[in-house]
Amino acid sequence: MHLTDTYFVVAHFHYVMMGGTVIGFIGGLLYWWPKMTGKMHDEVKAKIGFVFVFIGFNVTFISQFIMGSRGMPRRYYDYLPQYEPFHRASTIGSWILAIGLFITGYTLLEALWRGKKAPRNPWGSAGYEWLTDTPPCLANFHETPIFTRGPYDYHLATPEELSTGEDELSAADKKGS
């Protein structure tokens, strides 16, 4: 009952929505960006953006959890001075979060302009989506692929499936020479 209608509820909602949805969406976008666009993004910039997002996200919402657990009510236009340091921390955290989101957005847009051509399987994944062209053709596959293992059976993947940065054509050239 103590936490009902306090900032704890606000923090909980935004922590779940931002952490579970938005950060998951950004992670998926970074992972599949080479497959969607055919261009590689700068992984170092993406990691820097992630660090800013992670720190900013936690500073923003953990300070709100603390305020709520101390009884700060929500939906008030003015708050007691005892909560001011937590509000400041939350505001600074939101700025850090915004910087991280801008870095991530810039990294993806820069990849469209200056990104190198993405190889077929840049992450060395054994997932099926990496068996198609980059970017995929209209029907995803030119012919129906034959699956000889499960998507998590990395120990059964061939070196060509796990190669990063080499097309099948260049790998075949090396075998022939």
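The values are calculated or read from the model by the stated rules, or taken from the named source; none is laboratory data. Since the structure is predicted, the reported quantities are computational estimates derived from the model, not experimental observations. Because the Cβ atoms are built from the backbone with ideal geometry, glycine has one as well, and the counts that use them run over all protein chains shown. The accessibility values were calculated without ligands, DNA or RNA, using every heavy atom of the protein model including side chains. Shrake-Rupley method; radii C 1.70, N 1.55, O 1.52, S 1.80 Å.
Work out the FRET efficiency for residue 43 and residue 99 from their Cβ-Cβ distance, taking R0 = 25 Å, and round it to the nearest 0.05. Here the calculated transfer efficiency is 0.85.
Ligands, DNA and RNA left out, the 1.4 Å accessible surface of the range 1-133 is 71% carbon and sulfur atoms.
I need the calculated FRET efficiency for the pair residue 123 and residue 143, taking r as the beta carbon distance and R₀ as 30 Å, to the nearest 0.05. Between residue 123 and residue 143 the formula returns 0.80.
Averaging sequence separations of C-alpha pairs under 8 Å and six or more residues apart, then dividing by the length of the chain, give the relative contact order as a whole percent. Walk me through the numbers on the way to the answer.
Values: 215 pairs, mean separation 48.3, N = 177.
Relative contact order, the chain: 27 percent.
Computing mean projected area of the Cα convex hull in nm² for the structure here picks out one of (1) 14.7; (2) 12.0; (3) 11.5, namely (1). For residue 70, the accessible area of its heavy atoms, probed at 1.4 Å with every protein chain present, is near 150 square angstrom.
Please tell me the relative contact order of the range 14-110 in percent, rounded to the nearest whole number, where contacts are Cα pairs under 8 Å and at least six residues apart.
41
Using a probe radius of 1.4 Å on heavy atoms only, what accessible surface per residue do you get for the chain? Whole Å² is fine.
Values: 11450 Å² over 177 residues.
Computed with neighbouring chains in place, this is 65 Å² per residue.
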